[in-house]
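Enquirer: Below are the structure tokens for one structure; questions will follow.
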Amino acid sequence: MMNKKYRILLLLSILIVWGFFLFFLKIRDFDFSSHLRTESFMRNLTWQTDFQKNIPFKKGDMIEYTEIYSSDTPRDLALDISSLKKLLDITQIELDGQIISEDTISNLHLKDTSSLKIIGKAKTTNTNDIDNIPTITTTTLRTLKEEETIPNIENIPDTEPQNITLQEIQYNSNINNLISITGTNLARISLVNIGGVGFKPITGSWILYVQVSKDTFATWEYFVFFELNNGKIITLNDKITFQHSSALINIANITPNTLKNDMDRYLVIQWNGFDKIISIQLSNNLILKNAEFHIINKQVAEVKIPKGLPIGEYYFNIMDTSSIYELHDMKFTITH
């Protein structure tokens, strides 16, 4: 008799506990089937490096730290950026292209895919030591039920992107590329399609980035179009050209591309293979010795241009241990 009462009492206890558990899940909207995934990238705005997991920088450089969140369902998150503040003197925080205050990051509403961008000045110098890179601590406050995530489409202003411009239209197909696109209302772009290949962009308030891995495209011209959040398609008149290059060293961008000759000045070159450079020579045979250029990493280098150069266009001849590369397709101009 005692054993029967004990079994009944035990069964009732289990049912009561299970009922409380289901009730708790209901009111808290927890969803154990939903997984949050994060990925972070860094970019040195002072040297205009590509997005990478880790980058070199020195004290005072402007650094952009981007955290990409993706999950099966939208959710509310609390973010702790205290470790990141030890690295950066933060000047701006953006969520999905909108500037937000630091006070709001303790309770953020994130869509199924969201981008958090933090920009600030480096407080110290980093030489690619991955152990020194801080991370953002993320705590899920709650996940949202499906019916809560359905927006009222009639109340959403349908402001389409405007003035969309490709920053560059020619790329080397056999290296990794970061394609930059400027314009307004870019946060409405959900997908960038290049030659039939879709890319999920990293979107800011006025600039959009697309990461293209090497050997994705063969040598050819490709049409570009954009898919908006509402499913509408926008096409561009400009086409992107990818071209294979067998050269180990290339230049894709020179910043600035116009310099005055009244004093020694510096410019930044970007592309590939700069960690192999032994010497740099201008197209007028002026050799820029090792002390006059600074290799940031294999994709970014700083070059000192001496004062007094004659007015005109110049390009670089770059030497490594095996060859000299005449990079006359990318030029810069000297003026008074």
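Enquirer: Given points 7 Å out from each Cα along the Cα-Cβ axis, report the L248 to I324 separation in nanometres with one decimal.
Expert: The modelled label-to-label distance comes out at 1.7 nm.
Enquirer: Ranked highest first by average number of other Cβ atoms within 10 Å, how do 266-277, 314-325 line up?
Expert: On the way: 266-277: 19.1, 314-325: 16.2.
Result, highest mean first: 266-277, 314-325.
Enquirer: Above 20 angstrom, tally the Cα pairs of region 250-335 and express them as a % of all pairs, no decimals. Intermediate results must be reported in sequence, preceding the final value.
Expert: Details: 812 of 3655 pairs.
Here the long-distance tail beyond 20 Å is 22 percent of all Cα pairs in region 250-335.
Enquirer: Under 16 Å from a label point 7 Å along Cα→Cβ of L228: give me every residue in region 155-196 with its amide N that close.
Expert: 155-165, 183-193
Enquirer: Using a simple spin-label model with points 7 Å from Cα along the Cα→Cβ vector, what separation in nm is obtained for M263 and D215?
Expert: A separation of 4.8 nm, rounded to one decimal place.
Enquirer: What distance in nm lies between label points placed 7 Å from Cα along the C-beta direction at Q162 and I295?
Expert: 4.7
Computed from the coordinates by the stated procedures, all read-outs in this text should not be read as laboratory data. None of these values were measured; they are calculated from a predicted model. Please note: Cβ atoms are built from the backbone with ideal geometry, for glycine as well, and neighbour counts cover all protein chains shown.
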